[in-house]
1. What is the one condition in (1) farther than 30 Å from B:Ala858 by Cβ; (2) open to solvent by less than 10 Å² (accessible area, probe 1.4 Å) that B:Ala759 does not satisfy?
2. Scan region B:659-679 for residues that are at pLDDT below 80 and of a type in the set (D, E, K, R) and report the count.
3. Residue under question is B:Ala486, and the condition is that it be surrounded by fewer than 23 Cβ atoms within 10 Å (Cβ to Cβ) and modelled with pLDDT of 80 or more; does it hold?
4. Given the residues A:Ala57, A:Ala8, which is the only one that is more than 9 Å from chain B (Cβ to nearest Cβ) and under 9 Å from the mean Cα position of the chain (by Cα)?
5. Can you name the residue in region B:14-29 that is open to solvent by 10 Å² or more (accessible area, probe 1.4 Å) and under 13 Å from B:Ala53 (Cα atoms) and is also nearest to the other protein chains (Cβ to nearest Cβ) among such residues?
6. Could you tell me which residue of region B:240-262 is nearest to B:Pro299 (Cα to Cα), considering only residues that are of a type outside the set (Ser, Thr, Tyr), out of contact with any Pro (no Cβ under 9 Å at 6 or more places or on another chain) and surrounded by 15 or more Cβ atoms within 10 Å (Cβ to Cβ)?
7. Has region B:51-66 got any residue that is away from every other protein chain (no Cβ under 14 Å) and either modelled with pLDDT under 80 or open to solvent by less than 50 Å² (accessible area, probe 1.4 Å) (or both)?
8. Which of the residues spanning region B:90-103 are open to solvent by 20 Å² or more (accessible area, probe 1.4 Å) and among the small types (Gly, Ala, Ser)?
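The values are calculated or read from the model by the stated rules, or taken from the named source; none is laboratory data. What you are looking at is a predicted structure, and each value in this text was computed from that prediction instead of being measured. Positions of Cβ are backbone-derived with ideal geometry, glycine not excepted, and every protein chain shown enters the neighbour counts. Calculation scope for accessible area: heavy atoms of the full protein, side chains included, ligands and nucleic acids excluded. Shrake-Rupley method; radii C 1.70, N 1.55, O 1.52, S 1.80 Å.
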Amino acid sequence: MPTLSYAALFVLQALNQGHRFGFDIMDATGLPSGTIYPALRRLEALGYVESSWEADAQARKANRPRRRNYTLTRSGKLQLAEAETRYRAVAKLFPKRGRA
Amino acid sequence: MKRNSPTIVLAQILIAVAARLVPPGDRARWREEWLGELDAIAARGAGRALRFALGAPRDAWSLRPPTRLLSAVAADVRYAARQLLRRPAHTLAVIACLVVGLVASVAMFSIITSLFYGDMPGIAQRKELLRLYVGYDRARSFETNSDGSRVVAERPSFSDFAIARDLSQAPAIDVIGAEGNLRMTAAGTHGPTSVAGSFASGDFFRVLRTVPVAGRFFTDADDRPGAEPVAVVADYFWRTHLDADPAAIGRPILVGGQSFAVVGVAPPRFHGIELLDDGQDDSNGVQVWLPLAYAASWPTHPSLSEPWLQAVARLKPGAALIDAERQIGVVAARIAAADPDRRAGASASLRPMGFGPTSSFKMFALVALLLALPLTILAIGCANVANLQLARAAEQARELAVRLALGATRTQLVRMLTIETLARVVAATALSIGIIILLLGRLEGYFPIFITIDWRVMSFAAGLALVVGLATGLVPAWLVLRRTAAGQLRQDARSGGLGHTRLRAGLVIAQVALSLTLLILTGLFARTAQAMVADAPPALREQLVANFDPGELGMSPVQARQFAATLADRSATDARVSAVSLSTQDAVRFGPSDRPAASDQFATLVGLTPSWLGVMDAPLQTGRRLTADDDGSVAMISARAAEIIAPGGSPLGLLLRVDLAGAVERRVRVVGVVGDLPTRPTVERPGPVVYTAFPAELAGPFTLRLRSTHPEALEADLRRVIGAVDPRITWTSLRRGDMAFADDAREMRSAIYGVGVAALVALALSATGLYAVMSYVVLLRRREIGVRLAVGAEPGRIVAMVMRQSFTLVGIGMAIGLSLAIPMAVLMRATFVARVPAFDPLAFVPTAGLLFAAGVAASVVPALRASRVDPIATLRQD
């Protein structure tokens, strides 16, 4: 199983919540574009994410370039679920913030 | 949307530039995607759009087709950089310890090896150079081999060299040259001065491969009887006496009253074969070289059989010393055949020039000791690094366990830590090299040779630092991989380190032990130097001592004697002067005349006027003093000499053979014994001395001593008197007696500075190590201390508790250090500091006290910190 970075996990979570464009994911996660896009490329290469381009006609009508949107694949959803379980277990090992 | 605002245009340019990094096949789509998003964001503000575009280069870079390993390593490098920056104090501390260790050890090592093997100014490939010595029955000098056996090794004489130079065609030896030093009076544009001069054979500069800064050096044609008189001057002389004038080449200068045309200028700081003594500068080195052929007709030339020349040969490339030695055997046979009376059984030997003529056992011991110093500092520095890294290990292990739990592989963990450690060692090494180069550049002026960084040692030291760094830097990985991840995570980070606290304590103990050893060594050296200077006869403080070499001017021995006598008489007329003496000093071999000459011993022969004994306060032990009526047939001897020639009996009345090389053998009868008086500072008991009457003919230098309660006040007047007696004459030195004496202890003082600096660096490093360990121990025991305070312990008791723990470490370290220092002190006493008892309390007690004080200083802060632990906060943490 490939190792996922925190950033990749955040991206998976954002996609799972329905954010589809790189810019939306940035907004949702608070991570910079230079982190989001490489993560998306990696997740796509691993088969957790797939992308499609918006219709050419639509973009031309609005006089702007086409946008690319991303969605979670089935294995991406499985991966996310597994990682969340693991992170919850990890989180329990740390004392909660604010106690010390 | 303002698509054309400058910020948006800037963002678009950034994306277009970044797109160049994307592989061409994906580039169009990549640009479309980024521009599409930029367009969407631009509606929310130009600033956000620009921030968005700033991520494009990173994305584009990530799309470059990397090799897998490289990209992984790049990630690890980034991780390492983040780790280093996240804990700047730790990073700086590790780097600082490594830098101190590396700089101190490599710089010291470089200086030592440069002194022995480095290139001297104007001498190329010193390693190929060999000094030629001859040995024969009556030679006065010897060398001690590393096995302690002695071989007679004398400088070659004129006649010896004349035979040896014919061997220049030998297969293993490239060329043989020689120089012989004499003091001369040389006059440039600013009048005459007494300088060190030298006669050099035609091949001399060719052997050394010296390159002139102007003009040329001697050729074989210059070194023939009847050749045009030519001279080569030192760079210093050219600057100070010829105004650095390029036109000085070809111009005549007066040397010893004769005119010589300057043909060349030697390179800066080059003064022939002999290194300048410690503390001497360019003005003390040889200033003028004349062709060796002129030496034979020079007024003060030594006799043909006087061992006076320094001969040097260059080994042919690829030839071995043993081949050259075999060929030089032929020289010995010819020397013996040429002078069967004096040179029967002559031998010849070659010694590498690097180690100098005294590669004796003592020298080896000193060198071994000197080389051990930098290594000790390096070891202490590395121990500190190990300590700091281990302190962090527990904390880092936890973080690594998290990574492992998240799916990092073991290889990745090890790779990450390796790169982190490498980064520190590389940074420290680079910094150290820079500092060492600067430092050696600064120090070079203080040494007579070129000081170059010893890259072998640098590699070794950096390698050692790397090994120690890796061994301790990888401990966290080992800790993690050894246990299950969950087990590691659950363990309290602060107890995780207790296991190797013992290791760290061990390191501190080792540091303390090594530091104490170095400190005691410094103490022993310091006490030795103190003893050497303290041994100066008290009478020296009330003397003004002037040395002269009238022969320099071409005075005949009779004239020279007359000059000395006049000078003494005139000086005595000053009412402040209570006594005046004249003396000469020579090296001789002596022994009872009824014993074979082979058993003769080396001694100093002092020729003196009867007043000398009073001027020096020399205590008469038995017999009588020399009087003005005595001639050269009677002598007094020193107590040491008496023990040698008549052990247990009385030497009075014994007939001694005194052999002054190059002169006729003398027989003298012993009439008195005086107590030992050191003629120069020495680490051993003063050697044997034979005192005879001041010679009627004065062939060499002599010393004038004026006894007065205020010797400094006489200085200006004495200069005037000298000028009045003979305005041509210059003194070779003129100082208060005890100062001239102390000057000779310079070498020992330099050794003390060297060892002392090393010891202080070691002490500082050890104190840092102790501080780090005690701080860590306090951190580990925080909870326990909190509980103690909560149940009512006094803060003072907590301080005492921590200090006790610290003192235990220091105490054990000191005990080990003492057990190391004692055999070393015994060895030193056996070799070169014989004057000081091995267990000199003044060498041991203050140094141990200093170390103890450093230990207290290093642990007092952690101890106070422990006493201020807040019990409630500590208990709540768990």
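1. (1)
2. Counting residues in region B:659-679 that are at pLDDT below 80 and of a type in the set (D, E, K, R) gives 2.
3. Numbers: surrounded by fewer than 23 Cβ atoms within 10 Å (Cβ to Cβ): yes; modelled with pLDDT of 80 or more: no.
Judged against the criteria, B:Ala486 is not a match.
4. On the way: A:Ala57 fails: under 9 Å from the mean Cα position of the chain (by Cα).
After ruling out the rest, the residue left standing is A:Ala8.
5. Let us first name the residues in region B:14-29 that are open to solvent by 10 Å² or more (accessible area, probe 1.4 Å), namely B:14, B:16-17, B:20-21, B:23-29.
From what is left, the residues that are under 13 Å from B:Ala53 (Cα atoms) are B:14, B:16-17.
Numbers: B:Leu14: 11, B:Ala16: 13, B:Val17: 14 Å.
Out of the qualifying residues, it is B:Leu14.
6. Here the answer is B:Ile253.
7. First pass over region B:51-66, keeping only residues away from every other protein chain (no Cβ under 14 Å): none.
No, that holds for no residue.
8. Hits for region B:90-103 are B:Ala93, B:Ala96.
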